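Have a look at the structure below before the remarks.
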Amino acid sequence: MTDDILRTTDLTKRFGALTANDEISISVERGEIRGIIGPNGSGKTTFFNTVTGFYQPDGGSVHFDGEEVTGWEPYRLARRGLGRTFQIVSPFKNMTVRQNMLAVQTDDGRSREEKRDRAEEILEFLEIDHIADNEARGMSGGQQKLLELGRVLMLDPELVMLDEPAAGVNPALELRIMDHIHELNDEGTTFVVIEHDMHVMKTLADSVSVFDSGSHIAQGDFEEVSQDDAVREAYLGGTTAEDDEVPI
Amino acid sequence: MSGPVPSLDRLPGEPRYWYAGLAVLLVAWPLLFGAFWARIGLGALMWIGLAQSWNMIGGYAGYLDFGHGAYFGIGAFAAAVAMAQFGYPFLVGFGLAILVSTVVAYLVAVPTLRLTGAYFAIATWAFAESIKQAALVTGITGGTFGLSLPRSPETFIGVPVPFEIAETFFYYAMLVLCLATMALTYYLFERHEFGYRVKALRDDQDAAESLGIDTTRVKRQVYVLSCVVAAVFGSVHAWYIVYVHPNDVLAPIITDRMVIMALLGGLGTLTGPIAGGLLVFLLERLSSVFLGSTTFYLPLIGILIMVTVLFAPSGIIGILRGEVDRDDVRKNVKELGEKFDLL
Ligand SMILES: Nc1ncnc2c1ncn2[C@@H]1O[C@H](COP(=O)(O)OP(=O)(O)OP(=O)(O)O)[C@@H](O)[C@H]1O
Ligand SMILES: [Mg+2]
């Protein structure tokens, strides 16, 4: 049996008549970087929200780190070690970068000093320590993305779920963010990353899960998935193009 | 590496002797200027404290509580009922004010803090209105007759005290409560990580929740705390004015004043409610004393609020700190012009 850090079983979420997540069963292995791709509106963000407790599922279950956590409140999951970011950046605008970091609450018994030291460490790692005392409202979009990543790391998470971490970010910063993810992954953090950019996905993810119309239609490494008929169908709308990859 | 956590609302640190001078003035005030100015002083201290109590939930947490005045009235009636109906000393009434306001605030917090924005404002306003109506028809609160509180020397702690329960006494009572409120606000909201959590949930509740903050619990804590502070001032006020009536201590204007003071001074700052509270209270009181008018200050306040919202959303404190941004002002004026088809 593999060591799964996250496992969903038939996870279902409906909005009225719309089934945004239809019996999604996914296992994420400890230590991997899992990519999630799928067309707009295919249910990727909904999956994040249902797993992390922002939505109550209409069916199915979520297991995290060997424990059933279905329906847990988001803050409890966060303290338990499941961190996430949002598709739309959400820094605490009226607070400084450092205060954003220190607002994070864990129950690991760290002292205030330890927490502050950890915040400094993370800010240095992400190379935003020089703006630690700036208010978040004045930061660039890219810096805000870095800050979000930094805040999540304050949880000392086992698993981090990132919803389009490089969206709207310039290519240089995008590379930096990807490097950070790799580095953190090397140190043992598991990642689940939603990303539209196939180039990024190809180099980042160990394996990829594909969503379409609320269903989980394929899974495998990038090459496997891009050869998959159902995936080509979802992306190309049923054309029988001879290319051996989904459009990049 | 880990210096002190910088605070958003730093007290101006230097010069120290400025604080010493202020302390001396505050302590000597009623002795220097007599009963009339002691009354002005204690009123100012009470309103600064009340404005700060509203600022906790309305400013720091961003929940516009339009029923906050109810807790001032609840505190006033708790003291009045304990003293007038049961013959207990003030200290018991004071304790009762804390107890009752804690319980009521918690019961109100559970359903209403699920609401946000205008819905929360309307729900709390309706709650305050219903408390007032209840006090008007309930026997124990004196109904439409109100209640009169005794003020003899033994009514403070049960045995006679060797000083007069009059203006000077109430001035010092309000001074202690006001300073305690400021110290508590400074510690909890500006120094302690609790304050970061409160500001975090104000700025983005979902993000706060995703970062381990139990937002439901933190909101309730802020709400209950802010309500208890208002009730404590209410209980002292009741004893000071000797007679409480629902139409006075439960009047909507009490909430309105707190909101105006905090808004004018600067929401979510320690010093804002001090500046706003002082300004509004003095305008109101001095215009009624010296100009014989009690309504003159109202249009003035109205204009001040419009100017604040348009030109200095961070209030008087923002202006003093030079935070007013010309571009923001231009944007606000433009938006207003567009709204009313002026430009
Ligand atoms: N809170 C909600 N209420 C109603 N419908 C919702 C809600 N959240 C999502 N949906 C719907 O569920 C479907 C899936 O949305 P979701 O945001 O999960 O897609 P996504 O895969 O993240 O898309 P994108 O790539 O554009 O971010 C969409 O049809 C969306 O309109
Ligand atoms: Mg999405």
Can you give the helix-only mean residue ellipticity at 222 nm for chain B, where every DSSP H stretch with n ≥ 4 adds -39500 (n - 2.57) and the sum goes over all residues, rounded to the nearest 500 deg cm²/dmol? -22500 deg cm²/dmol
Can you give me the Rg/Rh ratio for chain B, using Cα atoms for both radii and the Kirkwood formula for Rh? 0.98
Could you give the dipole magnitude of region B:21-166 about its Cα centre, charging the beta-carbon of Lys and Arg +1 and that of Asp and Glu -1, in debye to the nearest 20? 100
So how tilted is helix B:90-112 from the main axis of chain B? Cα-based, degrees 0 to 90, rounded to 10. 40
Enter the Cα centre distance for the pair region A:68-85 and region B:30-59, rounded to the nearest angstrom. 45
Calculate the mean, over all residues of peptide B:210-222, of how many other protein chain Cβ atoms lie within 10 angstrom of the residue's Cβ. 6
Just the accessible area per residue of region B:29-272, please: how many Å² with a 1.4 Å probe? 36
Ordering of A:222-233, B:248-259 by packing [mean C-beta count within 10 Å, highest first]: B:248-259, A:222-233
Highest average packing first - A:199-209, B:273-283, B:212-222, A:166-176, Cβ atoms within 10 Å: B:273-283, B:212-222, A:199-209, A:166-176
Say each of A:Asp108 and B:Leu291 gets a label point 7 Å from the Cα, pointing the same way as Cα to Cβ; how far apart are those two points in nm? 6.1
Picking from B:Trp29, A:Thr85, A:Leu126, whose Cα lies most toward the positive end of the charge dipole for the protein assembly as shown (charges on Cβ: Lys, Arg +1; Asp, Glu -1)? B:Trp29
Among the complete DSSP H segments of chain A, which ones combine at least 15 Å of alpha-carbon extent along their axis with a mean Kyte-Doolittle hydropathy of -0.5 or more? A:141-153, A:171-186
Mind checking the angle between helix B:297-311 and chain B's longest principal axis? C-alpha axes, 0 to 90 degrees, to the nearest 10. 30
Check: chain A dipole with +1 on Lys, Arg Cβ and -1 on Asp, Glu Cβ, in debye: 1340
Mean Cβ count within 10 Å, highest first, over the residues of peptides B:233-245, B:22-34: B:233-245, B:22-34
Hey, which lysines would be in cross-link range of A:Lys202, C-alpha to C-alpha under 30 Å, not counting anything within fewer than 8 residues on its own chain? A:Lys13, A:Lys44, A:Lys145
Span per principal axis, largest first, for the Cα atoms of the protein assembly as shown (Å): 95, 55, 49
Please work out the Kirkwood hydrodynamic radius for chain A, using every pair of different C-alpha atoms, and report it in angstroms with one decimal place. 18.7
How large is the Rg to Rh ratio of region A:162-237 when both quantities use alpha carbon positions and Rh follows Kirkwood? 0.99
To the nearest 0.05, what FRET efficiency results for A:His182 and B:Lys331 with a Förster distance of 51 Å applied to their C-beta separation? 0.75
Cα shape, region B:211-264, gyration tensor, a/c 1.5 rule: prolate
Let's see if you can work this out: charge +1 on each Lys and Arg Cβ, -1 on each Asp and Glu Cβ, no other charges. What is the dipole magnitude of the protein assembly as shown about its Cα centre, in debye to the nearest 20? 4140
Nearest 10 degrees is fine. How inclined is helix B:252-265 to the longest principal axis of chain B, computing both from alpha carbons? 40
Per-residue ellipticity at 222 nm for chain A, helices alone: DSSP H runs ≥ 4 residues times -39500 (n - 2.57), over residue total, nearest 500 deg cm²/dmol? -10000 deg cm²/dmol
Compute the FRET efficiency between A:His63 and A:Gln227 as 1/(1 + (r/R0)^6), taking r as their Cβ-Cβ distance and R0 = 35 Å, and round to the nearest 0.05. 0.70
Percent relative contact order for chain B, counting Cα pairs under 8 Å at least six residues apart, stands at 28
Report, as an integer, the average count of C-beta atoms from other chains found within 10 Å of each Cβ along A:75-87. 3
So what's the convex hull volume per residue for the Cα atoms of region B:120-195, in Å³? 171
For residues of A:144-156, the mean tally of beta carbons on other chains within 10 Å: 1
Calculate the FRET efficiency for A:Asp206 and A:Leu175 from the Cβ-Cβ distance with a Förster distance of 22 Å, rounded to the nearest 0.05. 0.75
To the nearest 100 Å², how much accessible surface do chains B and A cover up together, summed over both, with a 1.4 Å probe? 2600
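The values are calculated or read from the model by the stated rules, or taken from the named source; none is laboratory data. These numbers were taken from a predicted model, which means no experiment stands behind them. Methodologically, a virtual Cβ is constructed for each residue, glycine included, from the backbone with ideal geometry; neighbour enumeration extends over all protein chains shown. In case anyone asks, the SASA skips ligands and DNA or RNA and just uses the protein heavy atoms, side chains included. Shrake-Rupley method; radii C 1.70, N 1.55, O 1.52, S 1.80 Å.
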